[in-house]
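What follows is a single structure, written as structure tokens, with notes after it.
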Amino acid sequence: MYLTSDASGIENPTTSRCDNLVMYSAIKKLETKLPFHNFGVKYVMEGEEIYRLKDEEYVLQPGEYLLTNQHCEGGVLIDSKSDVKGICIDVRNEVLTEVLSGQVFPDEVCNIFAETSFFTSADFMEKKFGAGQAFVGKFMLQLENTIKPDPYKKYQFSDEFYYHLCENIIKDYVPVLKQLQSINSKKISTKKEILKKVELGKKYLDSCIVKDINIADVAMESCMSEYHFFRLFRQIYGQSPYQYLKVIRLQKARNLLQTSRMSLEQVAFEVGYGDVYSLSKAYKQYFGLPPGKEKR
């Protein structure tokens, strides 16, 4: 089923929202509570949408999406001078559970996936992703390219479309489940709370790529002690915060070397290294070749 929503309202609003559904929206102003009937994908094509769910705020930019289920509570805010365009997909719980029951998972996530109703239960943790980083993102980008030329066309989506989407949802979420599984707590609610706190610190690290980082400051962003944050970060991500920061700096350096005309000195400055020698040494250790070999 395919619907559209814009300033004139929702096309065919009496349609049952319990069905599988793809909805395209183009809206400038909106502030409302949302009914969450099924498992959902909230994807932004243009502009910005803000979802406030269970006291958490998720700001979605173009290419980003949010996974939700029927236990989410909250609403959405859109406030723009131009149309904010997005795609929302509702997948019937039975479809997702059916696909989930047919998947084979690594041992480390089997505990949480023991019940095939996980994605449709209150244990599920809503999660924001970037389109370039995940399986559903690529799926949604293809859908955007299909719909964008003529969003008001009467599109039809087969069962195969929803099965394929569900397979990608599960692939996206397996790393999250591994992270939850790595946290030593019997209660899934505690695991979720800890993971969200550590993710705050990880986001802070991502935003401070060129700064000298003090882990105590990062831990403060996560509302944890320095050691508690350090231990949990290493437990969840398999590396220390300092190692993680080094990797993202080197990966950014490689991207700049391959895609820009910056000098090695400029690249070193852009990724937080004080000089070319320090960058070159770390770069060769990590990638196995000097940065000069990457230059365009």
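Read-outs: derived from the displayed coordinates by stated rules, not from any lab. Just so it is clear, the structure is predicted and the values come from calculations on it, not from any experiment. Heads up, the Cβs are rebuilt from the backbone with ideal geometry, glycines too, and the neighbour counts pull from every protein chain shown.
Residues THR146, THR4, THR68, arranged from fewest to most other Cβ atoms within 10 angstrom of their Cβ, appear as THR146, THR4, THR68. In this Cβ point-charge picture (+1 for Lys and Arg, -1 for Asp and Glu), the chain has a dipole of about 1080 debye about its Cα centre.
With Cα atoms defining each centre, segment 59-77 and segment 22-48 are spaced 8 Å apart in the structure.
Scalar couplings 3J(HN,Hα) for segment 24-34, obtained by applying the Karplus form with A = 6.51, B = -1.76, C = 1.60 to θ = phi - 60°, are 9, 10, 9, 9, 8, 10, 6, 9, 7, 6, 10 Hz; x denotes Gly and Pro. Diagonalising the gyration tensor over the Cα atoms of the chain and scaling each eigenvalue by 5 before taking the square root yields semi-axes of 37, 25, 19 Å, largest first. Take the Cβ atoms of VAL210 and ASP150, set R0 to 45 Å, and the FRET efficiency comes out at 0.55.
Can you tell me the alpha carbon radius of gyration of segment 148-281 divided by the globular rule-of-thumb value 2.2 N^0.38 Å? Mind dumping the intermediate values first?
Working: Rg = 20.1 Å, N = 134, 2.2 N^0.38 = 14.1 Å.
Its radius of gyration relative to the 2.2 N^0.38 Å reference: 1.42.
Cross-chain or 8 or more residues apart, Cα under 24 Å: how many lysine pairs in segment 128-173 fit that? Count them up, please. Could the numbers behind the result be given before it?
Numbers: LYS128/LYS138; LYS128/LYS148; LYS128/LYS171; LYS138/LYS148; LYS138/LYS153; LYS138/LYS154; LYS138/LYS171.
For segment 128-173, qualifying lysine pairs total 7.
Per-residue Cβ neighbour counts within 10 Å put MET140, MET45, MET1 in the sequence MET1, MET45, MET140, beginning with the fewest.
Among GLU49, GLU160, a tally of other beta-carbon atoms within 10 Å of each Cβ gives an order, fewest to most, of GLU160, GLU49.
Quick one: grab the alpha carbon gyration tensor of segment 159-219, order the square roots of its eigenvalues as a ≥ b ≥ c, and give me rounded if a/c is under 1.5, else prolate or oblate depending on whether a/b is larger than b/c.
Numbers: a/c = 4.13, a/b = 1.67, b/c = 2.47.
Oblate, because a/c is 1.5 or more while a/b does not exceed b/c.
For the chain, what is the calculated [θ] at 222 nm in deg cm²/dmol (nearest 500), taking -39500 (n - 2.57) for each run of four or more DSSP H residues and dividing by its residue count? Provide the component values of the computation, followed by the final result.
Values: 10 runs with 127 residues, N = 296.
When only DSSP H runs of four or more count, the value is -13500 deg cm²/dmol.
Distance distribution P(r), segment 211-296, all Cα-Cα pairs, bin width 5 angstrom from 0: 3, 15, 22, 20, 13, 12, 10, 5, 1 percent.
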